[in-house]
Each structure stands twice: as structure tokens, then as C-alpha cells.
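Participant: One structure, pasted below without further comment.
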Amino acid sequence: MISIALRSLFLALACGAAAAAGGFAQAPGTGADQTVTDTVRVLAGLAPSPGSRLAAVSARPEWQAWQREFDQQWTRATTERFARIAAWQTHELAPATGACGTLMYPFAGPDILNALLFFPDCRRYVMFGLEQPGTLPPVDQLPPERLARLLDETRQALNDLLERNYFITSHMMADTSAAELRGVLPLMAVILVRMQAQIVSVRELEISDAGQLVARQPPAKDRRPVNALEVVFARPNRDTQTVVYFRARAEDAAIGSRPGVLAFLKQDAPYPTFLKSASYLLHGRDFSIVRKILLTQSRLVLEDDSGIPLRFFKAPEWAVTYYGRYDKPVKDFNYGFQEDMARVFADPKAVKPLPFSFGYHWKDGASSVLLAVRPSPAPAQK
């Protein structure tokens, strides 16, 4: 238990106090892009590197007010949630995950935060959602009123994540189409630097019909590209890591006509899959193609009750461990109730404790987590 406590303490210090202090030191050999990293740090309420041309932005009163507010929010989330997740991840999840090449995180939006908390050591994170990939705002070129608006839009966009630990889709669609804040990239990058990352590179890409990531092409009337972005980042004591985000509708009618996306989702299998606050989309018929891909390509699935229904994880193909407490879905998702889940969770001997809130029941203590593992999976990615 000592190692768990130390890991929790390290995460709390790294994500909270150290970030709030605004220290910056480029790790040797990371190849970090200091200009991009400084841009994101300023947007995240952190001081840029010494001598940076963005230092003038951090001297503005609107930025200093943002720094104080965001530091408080981040520190509170670290104390109340991040440290508990880190301890649970070390004890319960890491042994089952093993070596992690690629994590698949459908319906993620910009939530690289939870991907890193639950699967901190993957080489690559593949995430997709409905929001546009976006671009980084030129924070050092904005006049005071536009900078203030950008910081306010960033605050609003991150509020749900820091309070509830998930993004609300309708809010996120509006927040990532604001006057100054565009797409998921700024929010993902803010989270990364708050997790002590430095940005190595950012590339605008698209998924080809063959399922490959290629350079983004100019728009044309006869093309319907699947826009993507790639962020390479470096964190202390780790090799560089990569997050790939792409925008795509995932219902059968849309994704069935996108052979490139289907091929891309199968490339790095077998992989661990992460599903949380997924709007119960995979419960019905309209998302059967993605559900089948995840069930056939995953070696492990970590999810709340809004992901793949329990009935699909049949023994002996899957071994399921249950955590927390199951309750009927919140009122927006009444159709998501699972009677078989209720029966399992009614037996206290069948369920292990969950020391943090997770999913839509973030406020009432009724969070449930399923860890489904193939007993004899294919070899882990290298």
C-alpha cells in the first residue's frame, strides 16, 4: 500500500502544486516545441518559460485572475478525484492492462484527462467525437477584450469536466464553436500541460479511405475528409506519447459509409478500450457497427454502465469485475436501465468498492464500473 500512497501523492503534487507554481523545465531529449508549449501554458493559466515572448500576456490582469481561478479548480479536482483514481488504477487496473500500445477511447471529445488518469502509460491514445479538431488560438496576438473572452470561453468549456468529470455533448458542441475557442485541440492541450506535459508537435491530418493517417488536404467539393489531429507530447520519466483525435459520426448509417474509419479502428488491435459517459449509444441498434468492432478488437474494456451493455460480455469469452453501486440511469437516459446489472450489484459479495465518482452519477454516489477482460487475450501490443 505504500507504493499506492506514493503514486497518489506524486500525482497530486505534479498535477496540483507544481502546475500552480508555474515552473517550466524542458526535459532533455524530448524535442518539445517551446513556442507551442508556452502558448498552451498561458491558455492553461501557467507561466511560460523564462524569456518567452508570451510573458507579456501573463502580466495582464485578466490572465492573472484566470490563473488564480483555474489553479483553485485544478487543485480541488486533484485532491478530490485524481489522487483516488491514481491509487485505484495502480491496484486494480494496471495489472489487468499490462503493456499498452494504443488506448481506444470512443465518444471522448477532448477528454484526454481521464485517458491519462486511467491508462497513463500508453504509447498512443485514439479518441473520437463530434467536435471539430480545431486550432490553437494566437494568445499573444489578441487584444485585451479578445483575450478575456478566450479565457472565459476556456473556463466555461472545462467547467463540466472539472466538476462532473465528463463533458456534456450539447455544451461541448457549443463551447468548441465559440468566438475565440475553436475545436477540441485547445482543451486537450490545456489538460496535457496541466498534467506536466510539454508539446512536441501538433499536426493536422485526415484518415484516408485505406485507414491511414495522412496530411490534411485542401477542402474540395467532391471530398468528405475525416479530419484528424495528432499531438505528440512528453511527460516526466516517460517516453514521448501521442494522442490522435478525429471527428466522425459513429452511428451505423454514417460510419458504415466510411471504410477508412472502420479500417483505422482495427489497426492497433488488440487494444484496451475505455468508455465513460457515452450516452448509452452502444445500447441500441443504431451503433451496432462500432459496438461489434470494439467487442471483437478489444482485449480489455473499462466502462461505466453507459458503455457496452453487460449482456454482451458473456463468459467464458469475458471475465468481468464489478465496482461501485448500480442505480437506474439519470433521467435523460431512462432507456439505459439493465436488469442483469441490477441483479449482479444487488449481491454485495459480487462487487468491489469504488473510491471515486465516475460517470453520470457523479453527485449521488451511485457510480458503477465494469472491467471486462478476455481471460486468454492475444499478446499485448508492443
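The values are calculated or read from the model by the stated rules, or taken from the named source; none is laboratory data. All of these numbers come straight from a predicted model, not from anything done at the bench. In this analysis, Cβ positions are derived from the backbone assuming ideal geometry, glycine residues included, and neighbour counts consider all displayed protein chains.
Participant: Can you list the helices (runs of 4 or more DSSP H) lying wholly within the range 37-137 that have 2 or more residues being among the small types (Gly, Ala, Ser), free of Cβ contacts under 8 Å to residues at least 40 places away in the same chain and farther than 26 Å from Ala250 by Cβ?
Facilitator: In the range 37-137, 55-58 are the helices (runs of 4 or more DSSP H) which contain 2 or more residues that are among the small types (Gly, Ala, Ser), free of Cβ contacts under 8 Å to residues at least 40 places away in the same chain and farther than 26 Å from Ala250 by Cβ.
Participant: If a residue must be at pLDDT below 90 and surrounded by 12 or more Cβ atoms within 10 Å (Cβ to Cβ), how many such residues does the range 328-352 contain?
Facilitator: Restricting attention to the range 328-352, the residues satisfying the condition of being at pLDDT below 90 are 328-336.
Next, only the ones that are surrounded by 12 or more Cβ atoms within 10 Å (Cβ to Cβ) stay: 328-330, 333, 336.
The qualifying residues number 5.
Participant: Given the criteria outside the structural domain of Leu294 (by TED's automatic domain parsing), surrounded by fewer than 21 Cβ atoms within 10 Å (Cβ to Cβ) and among the small types (Gly, Ala, Ser), does Ala99 qualify? Before you say what the answer is, go through the steps one by one.
Facilitator: Numbers: outside the structural domain of Leu294 (by TED's automatic domain parsing): yes; surrounded by fewer than 21 Cβ atoms within 10 Å (Cβ to Cβ): yes; among the small types (Gly, Ala, Ser): yes.
So Ala99 passes the test.
Participant: Inside the range 142-185, can you point out the residues that are among the hydrophobic types (A, V, I, L, M, F, W, C), modelled with pLDDT of 90 or more, in contact with a helix residue (DSSP H, G or I) (Cβ under 7 Å, 6 or more places away or on another chain) and part of a loop (DSSP other than H, G, I, E, B)?
Facilitator: Of everything in the range 142-185, those that are among the hydrophobic types (A, V, I, L, M, F, W, C), modelled with pLDDT of 90 or more, in contact with a helix residue (DSSP H, G or I) (Cβ under 7 Å, 6 or more places away or on another chain) and part of a loop (DSSP other than H, G, I, E, B) turn out to be Leu142, Leu181.
Participant: I've got another one for you. Pull up the range 186-206, narrow it to residues that are in a strand (DSSP E or B) and touching a Lys or Arg at 6+ places or on another chain (Cβ under 7 Å), then point me to the one that is nearest to Asp71 (Cα to Cα).
Facilitator: Within the range 186-206, the first condition is being in a strand (DSSP E or B), and the residues that meet it are 198-206.
Going one step further and asking which of them are touching a Lys or Arg at 6+ places or on another chain (Cβ under 7 Å), we end up with 204-206.
Values: Glu204: 30, Leu205: 33, Glu206: 35 Å.
Applying the filter and picking the extreme gives Glu204.
Participant: So, one more: Considering each of Val330, Val373 in turn, give the residue that is β-branched (Val, Ile, Thr), touching a residue at least 40 places away in the same chain (Cβ under 8 Å) and under 25 Å from Ala115 (Cβ atoms). I'd like the intermediate steps shown before the answer.
Facilitator: Details: Val330 fails: touching a residue at least 40 places away in the same chain (Cβ under 8 Å).
The match here is Val373.
Participant: Does the range 270-287 hold any residues that are more than 19 Å from the chain's Cα centre (by Cα) and more than 22 Å from Arg224 (Cβ to Cβ), and which are they? Give the steps one after another, and end with the answer.
Facilitator: We begin by selecting, within the range 270-287, every residue more than 19 Å from the chain's Cα centre (by Cα); these are 270, 283-287.
Correct list: Pro270, His283, Gly284, Arg285.
Participant: Let me ask something else. List the number of the failed condition for Asp209; all other conditions in (1) touching a residue at least 60 places away in the same chain (Cβ under 8 Å); (2) in a loop (DSSP other than H, G, I, E, B); (3) of a type in the set (D, E, K, R) hold.
Facilitator: (1)
Participant: Can you name the residue in the range 154-195 that is of a type in the set (S, T, N, Q) and crowded, with 19+ Cβ neighbours inside 10 Å and is also nearest to Gly307 (Cα to Cα) among such residues? Spell out the reasoning first.
Facilitator: In the first step, residues of the range 154-195 are kept if they are of a type in the set (S, T, N, Q); the result is 154, 156, 159, 165, 169-170, 176-177.
Filter once more, so that each one left must be crowded, with 19+ Cβ neighbours inside 10 Å: 154, 165, 176.
Numbers: Thr154: 28, Asn165: 16, Thr176: 24 Å.
Of everything passing the filter in the range 154-195, Asn165 is nearest to Gly307 (Cα to Cα).
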